[in-house]
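Since the structure comes first, as structure tokens, the remarks are kept for the end.
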Amino acid sequence: MKKLINSVETVLDESLAGFGAAHADLVKIHAEPRFVMRADAPVKGKVALISGGGSGHEPLHAGFVGKGMLDAACPGEVFTSPTPDQMLAAAAAVDGGAGVLFIVKNYSGDVMNFEMAAEMHEGKSASVITNDDVAVEDSLYTQGRRGVAGTVVVEKIAGAAAEEGADLETCKAIAERVNAACGTMGIALTSCTVPAAGKPTFEIGADEMEFGVGIHGEPGRKRTRIMTADEISERMVEAICESLKPAAGEEILLFVNGMGGTPLMELYLMYHAAARQCAARGLKIVRSLVGNYCTSLDMAGASVTLVKLDAEMLRLWDAPATTAAFTRC
């Protein structure tokens, strides 16, 4: 294993320290328990958005802490859910009096621990579970469809609503509406390597790919031969459209996300291929996002997310966000 680390035990703490030092104008790092919060939190009278999950998916979620998105993020160990005490401490630190909205990816540990934190939090709170992955309906890791890259879109749009002063019920409703309008499919060309394991999570042949992979390397629909970008995008867009059932002429956001080990040249090539598939179905791409936003350490691969945008979602998507990963959408 070749990694730019000092030791397996200190990877997360040193990474968070570097993140905090690099973006000190935007965030503060709380060490015990671990969470990342807005530098100006708590913002009085504003609904606070909190998310989190296992580390290894950077910039999700710490990279989205700041004005217009999250108020706090709770990083667990690599691919491990954060603990309720992290979430509870983060909620106490950023609650400005208007309540807390927890945005939770649909993984069993995340759901259970965020539920516990919400029950213990003394202020008002609500939760939204993201489940945009169309590759699976059930797995060992989730209680249904997994929450993956579409979570970024939920955090951006709900975050914009909160920044405008929307109340807790409104922020929860818009987050749920965005989640229902999202569909994601991911593929992997290689495994990722968790530092503590020191070896690839799974073995895959030089002429194979994993279709429908999860962001922890967990399997999806099937292992197949390697395909061209056009073939991959056709299958991905087809699977998403089977789930979302967008109408011809519908306005969408097309989001091509890298898994961490895929160069931008290939991600833009995938965007070009996916955009042609959308056009063939009569879909109107009105907003785009390309890059590494919800990764799986060093995995080579990508996901495609389609989001059916109504006028309110589009307006909120265009609102400014100042975070480490978003300057303005």
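Read-outs throughout are calculated quantities, based only on the coordinates presented, and are distinct from any laboratory measurement. Worth saying up front: this structure is predicted, and the values here are computed from it rather than measured. Here Cβ is always computed from backbone atoms with ideal geometry, including for glycine, and neighbour counts include all displayed protein chains.
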Q: With label points built 7 Å along Cα→Cβ from the Cα atoms of Ala92 and Arg225, find their separation and express it in nm.
A: 5.9
Q | DSSP-defined antiparallel bridges as percent of all bridges, the chain, nearest 5 | A | 55
Q | Nearest-0.05 FRET efficiency for Arg315 and Glu208, computed from C-beta distance (R0 56 Å) | A | 0.85
Q) Based on Cβ point charges of +1 for Lys and Arg and -1 for Asp and Glu, what charge dipole magnitude is obtained for the range 1-109 about its Cα centre, in debye rounded to the nearest 20? A) 300
Q. Of Val286, Val178, Val104, which has the largest mean-square fluctuation in a 10 Å C-alpha GNM of the chain?
A. Val286
Q: May I ask you to list the lysines whose Cα is less than 22 Å away from that of Lys308, ignoring any residue fewer than eight positions away on the same chain?
A: Lys105, Lys156, Lys172, Lys245, Lys284
(Q) With n ≥ 4 as the cut-off for DSSP H runs, can you work out [θ] at 222 nm for the chain, using -39500 (n - 2.57) per run divided by the number of residues, rounded to the nearest 500? (A) -10000 deg cm²/dmol
Q) How many angstrom separate the Cα center of the range 225-240 from the Cα center of the range 95-139? A) 32
Q: For Ile5 and Met112, calculate 0.36 nm times their separation in residues minus their Cα-Cα distance, and state this gained length in nm to one decimal.
A: 35.4 nm
Q. If you place +1 on the Cβ of every Lys and Arg, -1 on the Cβ of every Asp and Glu, and leave all else neutral, what size is the dipole of the chain about its Cα centre, to the nearest 20 Debye?
A. 580
Q) If we sort 48-54, 156-162 on the protection proxy, mean other Cβ atoms within 10 Å, highest first, what's the order? A) 48-54, 156-162
**Q.** Of the GluC sites (Glu not before Pro) in the range 68-139, those whose Cβ has at most 12 other Cβ within 10 Å and which sit in DSSP loop
**A.** Glu122, Glu137
Q) Which Cα, out of Val237, Leu283, Thr262, lies furthest along the positive dipole direction of the range 235-329 (beta carbon charges, K/R +1, D/E -1)? A) Leu283
Q) Which order, highest average first, do 167-174, 126-133 follow once you tally other Cβ atoms within 10 Å for each residue and take the mean per peptide? A) 126-133, 167-174
Q) What fraction of the Cα pairs in the chain, stated in percent, has a spacing above 25 angstrom? A) 46
